[in-house]
Structures are given as structure tokens and as C-alpha cells.
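The values are calculated or read from the model by the stated rules, or taken from the named source; none is laboratory data. The model shown is predicted, which means the values in this text are computed figures rather than measured ones. Please note: Cβ atoms are built from the backbone with ideal geometry, for glycine as well, and neighbour counts cover all protein chains shown. Side chains included, ligands, DNA and RNA excluded: accessible areas come from the protein's heavy atoms. Shrake-Rupley method; radii C 1.70, N 1.55, O 1.52, S 1.80 Å.
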Amino acid sequence: MKKIIFSAVAVLVLGFMSACGGDDNTIEIGTQTYTDPKLMAHIVEGLIEDQTEYEVNITKDISASPQLITSIDQEELDIATLYSGEVYNNHFDEDEVEYSTDTEKTLTQAQQLFNEHFDFKWYDSLGFQNKYTIAIENEFAEANNIETISDLEPYAGELRFGTDGSWLERSNDGYRAFQEAYGFEFADARGLQIELMYEGVESDELDVITAYSVDPQILELDLKVLEDDKNFFPPYSASLVTRNNLLEDDPQIDEILSSLVGTIDEETMTQLIYEVDINERDEQEVAQEYLQEQGLIE
Amino acid sequence: MEVLMDYIEFWQERYPSILEYTWQHLFVSLVSVILGAVLAIPLGIYLTRIKSKAIKNITFNVTNIFQTIPTIALLALMIPLLGIGMKPAIVALFLYSLLPLLRNTFAGIQSVDPEVIESAKGIGYSPIQRLMQIEIPLAFPYIMSGLRITTVYIISWATIAAVIGAGGLGGMVIAGLGFNDKFLIFTGTIMAVIMALIADFLMGILEKKVAYK
Amino acid sequence: MIRLEGVEKVYEDGFQALKDINLEFKEGEINVLIGPSGCGKTTTMKMLNKLIDFTNGNIFINDKDISTIDAIDLRRTIGYVIQHIGLFPHMTIYNNVAAVPKLLKWDKERIDKRVNELLNMVGLDPETYANRFPSELSGGQQQRIGVIRALAAEPSIILMDEPFSALDPISREQLQDELLRLQKEINKTIVFVTHDMDEALKIADQIILMKDGVVEQKGSPEEILRSPASDFVKDFIGQDRLQQGNAIPVVDEVMSKEFVSIEEKQSVTDAIDLMKDKQIDSLMVLSNSHQVTGKLSLYDVINQTEQMVAEVMKPFEQNIESGASLSAALHLIKKHDLNELPVVDQDQQFIGIITRKSLIHVMSKSYSLVGNEGK
């Protein structure tokens, strides 16, 4: 619940940062409202502060990824964790981007286009995806023998559907396109904060949700992620992103960020998120613990 | 020019969903204000009828506290009680509407010249006739302007209710922010502005109509 | 008629606002309650329509105890005009005047007729004014509306709480004159509160002067001016007005004690002889107990020589008490077209007579004085 309040506050904080940011000895990391980029921010923080002279400042709960991109571009932020599917979010002209659900192709496009247009360094995947999935309660799935999204069709007319604030309106991979791809719609579809989406399932106000693939609530609430049998959802491979000019100034940062590529798989990340979201532990503490376990810091 | 063409196309494509967002917004706002008026106006009148300072203070302080809770926090507080969707949004906005409505109604009735009340009493108006025929008509401009201000505020505040699944024009703005769609952000914002202006305008007309010279 | 018997008002904090008030307001009279602020005059008035309740005593309106009448019903039968007019600002003049008739559920036609009649009565053209709002009228016009609103349902009693005090002096004079003129037409029992002694002297039939919740003095303006009951009353009236009061002669100063009389039981012939002897054309007639009972004039005795005086004399039907003002005497003389007016003492014993001759004598004395000064 606090997160909702924070996201409003974060908008204000962003405004402040543009006024007082730009300290040469500070690396600014920004995160969205969910937990995996927050954990990544603390992992990067731990490494940078361990291996360099830099201070790290983390701004959390920025409500949408386009705001992160703008902030990095304007040098208010330096580093963020972004997802390859971001490339389809209206940043580029339609004729430059080719919509695809192929993991490799999507990542390559993101790396190329953000490099060309924003002068960003978009690293290879950290090793996990955090993509949209369609999830229902396991009990319901078992009772009705539902394995794939297509299997939902007979029941869709009675199912209450919840998703995040933007999915309803997303063009390529949103609800509209979903209806075209799968040929059915739900009884009632509403957009809300991600945390509330899970609360909605728990309090039996929602039947179907767009869970993010690493969310530990999938386990906690005993949800079943349905197979995307029409290969509809695009990949959202997580990568660290920064500006090229920052790396030119300090190759040390590039070393640190590169070292993380391919090191965290989905299972690991889900476990870390579980510690934070379900066991209510501090994000920084969990990140620190991870780094120690991996022997990356003392 | 190209942008304008694109925007027209956006409307052609999206107008059913834009209208639905608009309708949700209007519905949540109006229901909140109507419920607020149904409670706050009679309560405001009642407060002018009682002597107890304590009850007055408590009522004003409680409604004042509702007013000072940040919108997003009040919405969040509603969820454990009422779940997600329109219900908690309506309740939260209803709580917001109470203070301005209560205050204006109270001030309106209090503003009636005591001499006018004395003479109404003296020539034989019963208490209820006095209220209905003298005090409420004289307080009406105050009550109406309270209703007008509150409606405009509530329409504006209702945009934030989208975070708890109440839909409305805030939903368009949040979705637009989420994947960088400026048309969505712009449309959600401008529709909310237009709705507030229309409400203000219509109630302004009504206010003038019922006001005496 | 309104009667207050032993009325007292004690507030919860123990403050006694009124002590043993005994008053009578006669029908068709203007009764003015006056006194310094806090004297209880307004409280006394507001008890009459139950805006304020009283602690002890009884109030009767037309012999009915008002404690047995519902307050709202009572108020609808009593006109009420307050100081700051208290017109309803959101209602037209028509609706203001029609307020009480509407409460009494008169039919529309009757209300229309009554409103027109009342507006005309105070010289406001109904076509021009009926649909205006109070704020579009001058202060004087507004108070006229306030007065006719009180009259609308034809109450026999009207309470007026300092109705003209907020007006400028000219409008105030006009409205006082208008009230006196109206009162001749409508003949209501009016209870009028004021703190303005000039106003009281001008309009009152009865003045009730109050102080600290007690009636200090009550009586006609003349009585109060002539014989103030206490130093307080004197102070309140003020030296200027008291001198003015003294300048008005009382009947005792005007009456003549020298007249030729004849007894009832004597014959007309005796009377003729007496007239011839004294070279006069009329005689006063005395009863057995030496009371003047009438007058015998030369016209009465012509060709009536066989009769006794008692049979042809013209008995007096009016008299006036000693101490009454000359204006009161003049009023009676004018009203009944009299040639003579007997003056009696408190026991109705004859003490003198005002004749046209004695009046002219007094008048010529005071006016020749003024005339001399003029030269």
C-alpha cells in the first residue's frame, strides 16, 4: 500500500532532482515501482560503492518506464534496469521498429535503436525476463483443465480481469491486440496498481490477471501462469541501461555493469523478490546478502 | 498538421473507449457529489439548529480531517475495507466532498439576517415553514456555490481513482504514461478539464437562476 | 383589548427582567411602551405574541388567556413590524405582503385583492411595485411594506418594535403621520415600542414609561407631561418637553366659575325674569343637590311659560375632568359641536364651565401676547 503513496511522491522527487542533480561524484539510479529493478539497483549500488569512489543515489517508484528513459537522456539519472519490450513503446517511428515476439530480435532492436537515438548502452540480458503473463487461480485451472490461454475462452465471459495501468491501452501487446490474437474478451477489465491486482485476486474480486513472470505472488497465491499458445506476449528481457558518455568518462562502471550480464536467472530473481514482497525484508539487505553469497563483495 | 491528422485518427479508432472512460469518470464524480450533498446539506442545516458547540466542532473537525488526507492515501485506506474498483473510489471522493458542502450550507444558513428570521417567526411561520420558505431559499446561493466548487474538485480528484481500478479518465493518463502514448495522456487530461469546465458552467447557470436579486 | 396581570419575567441566570407588570391596552388605541434600553419594553411586547415567554402572571387577549393559544396560531392573528423591517429579500413585494394570508391559506383572488388594497393604502402603485424586490425600494417604502404586511391578514392587534427608528427624520415623520392617518381607517389596537419621546408624544393614546422592568408611569401624553410621577420620568421626558407641556393650558385655567343659574324646580317664567334682569340669553340649571345638570337658553323658553325649567332645559351630555388638557376639551367640543362643556372634579362634582366665551377670552390673552412680541 505504501508503494502507491511513494509513486506519487516520486513524481515530485523527480522534479527536485532536475534542480539539484548533477553531482559529479554521485551515480543516480532510477527504478520503477516493482521489486526486480529495485533489487538490481541495490546490487549495482553495492558493487559500485565497493569498487569505486562513487556515491550511489537510488530514486525508486518512478511510475513509468518512459519517464526513466527521459531522465537518463537528460542526465538526471544514470543507470536503470529496463526490459527489451520497451522498444515497442512509441519511442521510435513505426517504420524503424519491427514488432516481434522473438527474444533475440527484440533485444537486438532495443540495443540498436536506443544506441542510435538516445546514445544509450543497452547491455545484454541479466538472465531473466519479467514479461506479461496471463495467470488464474490454480484451483480453477485444475478444475476446468486449463493449460493454455486459449483454454480460457469458454469461461472468459464470466471472468473478471485485472491488469496494470497501461496494459488495457498498449497497442502491440495490449488488451486490444490480445482480443484480436485470441479472439475473446473478459466480462470486465480494469486497470490498477500491480499490488492491488494481486490483492484483487486474494479478496476474490478478480479471476484473471496479467501477472509479471517473476512475481513471487504467483507462488504465494497459488496462481497458474497459462501457456501463451499463440505466442502473443513479447519478451521483456531485463537489461541494465546507461548512457555511453558515462562509460567513456569512467570505464570502471562499464566493467561492473558488464559483469552482471547473464548472472541472474528467473528462479533466482523470483526468490529474491519473494524475500522482499512476501517476507517483507529490506531491499538493500536482500541485495547485500545476494552479493555476499555470490562472493562479489566481502 | 500531421500530428492533428494522427490525433483525429486516434479519436476515430478509440472513441468508444474514450467515451467509456469519460462515462466512468462522470459516474464516479456525480455519485460521490450527490451522496455528499444528500448527507452534508441536511447535516449542515442540522448543525445550525443545535446549540452544542462540541457537536459542531467534532463534525467540522472530522470532515476537515478527511479533507487533509492525501487523495492517494485515502484511496489506499479504502481498499482493505471496500476492495478495489469504483466503490472505494466513490466512498473516498464522497468523504472529500463533505467539508466544502457542509461548510457552505452552514455558512449559508448562518448568513440569513436574524431580523428576517425574527420577523418570519413573529408573523407566524412554523419552524419548518421558516426553514423551507425563508432560510433555505436565502442560503441557496451559498449551497449552490459549495456544490459547484465541490463538483469541480471531485472531477479533478477522480482522475487519481484510476490507480485503484475505478477507471475513469485517470486510467487513460496512467496508461499513456505507462507506454509513452502522448495522445492518451493528452486526451485523458483534456477530457477531465472539459468535464470540469462544463460542470462549472452548467452549475453557474443554475446558480444564477435560483439567486434572487 | 389586551390585559397583563402581574406579569413577571425571570431569566435562568436569575435576572428579573420584568416585575409585576399590570397593563391594559384598549381597543383602537395606540399604546406606546417607552423607556431606556434594558427597561423591558421590548420584552413586554414580545410576550404578547409569545416570542418571549413569561414566568409569572397572566396575559389576556380579548379575555382569552394566551397561554391556552398555540404560539404559531396566535402570531398569525397579530400583526408584527420589526425595527429593521425584516422583509424577506428573496420574495417580491407581493409575496412579502401576502405572507400571512398565504400561511392562512386564503384563496388567490382574495390575496390579490387584499395586496392591491394595502399597497394603494400606503400610496404605492401595485402595478409598479408588486413584482419588485425589497432591495429595489427606498427605506421608507420598505417600512411601509413592513407595516402593510402586518396588516395583511386583518389582525385586530399590531405590534410594532421601534419600526421607524432606522429611518431618516423626514421619512420617520412621514410614516408617523401615515400611521395616524391609517389608524383612523383601520382602528387597530397597536402596541408600539420606541425610545423616542417625541414619537411617543405624537402618536400615543397611552404612554407606558418603563424602567428596570417596572412601569414607572402610564397615562395619556398630556397627563405624563403635566404631572410626571417621578424624577426619572421628568429626566426622561426632558426639560424642554416639560415646559412645552406646561404651555398647554388645562381646562381649569379656561373654565368660568361665574355664571347665572336657576334651579330645576323653578318655573320658566322665573327664568325669563332672571334673563331680563341680568341681560343674558342663557342660564345654567342646578339640580336639587346643586349640581349643574343642563342649560336653559332663551330659545327654549319662548312660548313655554306654563312649563317648569326641568321640562324644557337641555341637559349636558358631556363633561370633562379637572386637570385634563385644553386640547382634550377642544376635541370634545368639536366632536359634539358644543357651546358649553362642564368641568367636574374626581367625584363628578360640578366645579365650573367652559363656554365659547371663556375660550375666546383665554385664546385672545395668549395670542395677543405673541402678537405683541411680534411687533
The condition from (1) over 23 Å from C:N187 (Cβ atoms); (2) buried (at least 18 other Cβ atoms within 10 Å of the Cβ); (3) more than 14 Å from chain B (Cβ to nearest Cβ) that C:N56 misses is numbered (2)
Within region A:218-257, the residues that are open to solvent by 30 Å² or more (accessible area, probe 1.4 Å) and closer than 18 Å to A:G127 by Cα are A:D254, A:E255
C:R144 passes all but one of the listed conditions (1) at pLDDT below 90; (2) surrounded by fewer than 23 Cβ atoms within 10 Å (Cβ to Cβ); (3) among the charged types (D, E, K, R); the exception is number (2)
Please enumerate the residues belonging to region C:8-24 that are surrounded by fewer than 22 Cβ atoms within 10 Å (Cβ to Cβ), in contact (Cβ under 8 Å) with a residue 24 or more places away in the chain and within 19 Å of C:Q206 (Cβ to Cβ). C:D20, C:N22, C:L23
Only one of (1) part of a loop (DSSP other than H, G, I, E, B); (2) touching a Leu at 6+ places or on another chain (Cβ under 7 Å) fails for A:A211. Which number is that? (1)
A careful count of residues in region B:163-182 that are within 16 Å of B:G85 (Cβ to Cβ), in a helix (DSSP H, G or I), facing chain A (nearest Cβ under 7 Å) and of a type in the set (G, A, S) gives 1
Condition first: among the charged types (D, E, K, R) and either part of a helix (DSSP H, G or I) or assigned by TED's automatic domain parsing to the domain that holds A:K121 (or both). Now tell me which residues in region A:230-261 satisfy that. A:R243, A:E248, A:D249, A:D250, A:D254, A:E255
What are the residues in region B:22-68 that are of a type in the set (S, T, Y) and closer than 25 Å to B:V163 by Cβ, if any? B:T22, B:S29, B:S32, B:T63, B:T68
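A quick yes/no check of all residues on (1) part of a helix (DSSP H, G or I); (2) more than 17 Å from A:T210 (Cα to Cα); (3) at pLDDT below 95; (4) open to solvent by less than 70 Å² (accessible area, probe 1.4 Å):
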{"site": "A:T70", "(1), (2), (3), (4)": "yes, yes, yes, yes"}
{"site": "A:E76", "(1), (2), (3), (4)": "no, yes, yes, yes"}
{"site": "A:T81", "(1), (2), (3), (4)": "no, yes, no, yes"}
{"site": "A:H91", "(1), (2), (3), (4)": "no, yes, yes, yes"}
{"site": "A:D95", "(1), (2), (3), (4)": "no, yes, yes, no"}
{"site": "A:E98", "(1), (2), (3), (4)": "no, yes, yes, no"}
{"site": "A:F114", "(1), (2), (3), (4)": "yes, yes, no, yes"}
{"site": "A:S125", "(1), (2), (3), (4)": "no, yes, no, yes"}
{"site": "A:E139", "(1), (2), (3), (4)": "yes, yes, yes, no"}
Show me the helices (runs of 4 or more DSSP H) entirely contained within region C:134-243 in which 2 or more residues are acidic (D, E). C:169-186, C:197-203, C:221-226, C:231-237
Identity of the residue in region C:147-163, open to solvent by 10 Å² or more (accessible area, probe 1.4 Å) and under 21 Å from the mean Cα position of the chain (by Cα), that ends up nearest to the other protein chains (Cβ to nearest Cβ): C:D161
Suppose we filter B:L177, B:L202 for residues that are of a type in the set (A, V, I, L, M, F, W, C) and either touching a Cys at 6+ places or on another chain (Cβ under 6 Å) or open to solvent by less than 60 Å² (accessible area, probe 1.4 Å) (or both); which single one remains? B:L177
From the options B:V152, B:V193, residue that is away from every other protein chain (no Cβ under 12 Å), without any contact (Cβ under 8 Å) to a residue 40 or more places away in the chain, in a helix (DSSP H, G or I) and within 17 Å of the chain's Cα centre (by Cα): B:V193
Need a quick list: helices (runs of 4 or more DSSP H) entirely within region B:41-126 having at least 3 residues that are open to solvent by less than 60 Å² (accessible area, probe 1.4 Å) and within 14 Å of chain C (Cβ to nearest Cβ). B:86-111, B:114-122
Quick one: C:W106 ticks every box in (1) surrounded by fewer than 18 Cβ atoms within 10 Å (Cβ to Cβ); (2) over 30 Å from the mean Cα position of the chain (by Cα); (3) more than 25 Å from B:M132 (Cβ to Cβ) bar one, so which box is it? (3)
Search result, residues across region A:159-195 that are touching a residue at least 40 places away in the same chain (Cβ under 8 Å), aliphatic (A, V, I, L, M) and either facing chain B (nearest Cβ under 8 Å) or within 25 Å of A:I273 (Cβ to Cβ) (or both): A:I194
Going by the structure shown, is B:F140 open to solvent by 10 Å² or more (accessible area, probe 1.4 Å) and either more than 14 Å from chain C (Cβ to nearest Cβ) or closer than 15 Å to B:T63 by Cβ (or both)? no
When you scan region C:133-141, do you find a residue that is within 23 Å of B:Q133 (Cα to Cα), open to solvent by 40 Å² or more (accessible area, probe 1.4 Å) and in contact (Cβ under 8 Å) with a residue 12 or more places away in the chain, even just one? yes
Give the residue that is farthest from B:S17 (Cα to Cα), with candidates limited to residues of region A:147-157 that are open to solvent by 10 Å² or more (accessible area, probe 1.4 Å) and in contact (Cβ under 8 Å) with a residue 40 or more places away in the chain. A:E147
Contact list please: Cβ distance under 7 Å, first residue in region A:201-219 and farther than 15 Å from A:A189 by Cα and away from chain B (no Cβ under 14 Å), second residue part of a loop (DSSP other than H, G, I, E, B) and of a type in the set (A, V, I, L, M), pairs at least six apart or on different chains. A:P216/A:I278
Could you list, ordered by first residue, the pairs with Cβ atoms under 7 Å in which the first is in region A:88-100 and over 20 Å from A:Y132 (Cβ atoms) and the second is of a type outside the set (K, R), at least 6 apart or interchain? A:F92/A:L113; A:F92/A:H117; A:E96/A:L113
Within region B:5-21, can you find the residues that are without any contact (Cβ under 8 Å) to a residue 24 or more places away in the chain, open to solvent by less than 90 Å² (accessible area, probe 1.4 Å) and farther than 25 Å from B:A161 by Cα? B:I8
Determine if region C:82-104 includes at least one residue that is closer than 27 Å to C:E24 by Cβ, at pLDDT below 90 and not hydrophobic (A, V, I, L, M, F, W, C). yes
Within region C:38-50, residues out of contact with any helix residue (DSSP H, G or I) (no Cβ under 6 Å at 6 or more places or on another chain), open to solvent by 30 Å² or more (accessible area, probe 1.4 Å) and modelled with pLDDT of 90 or more come out as C:K46
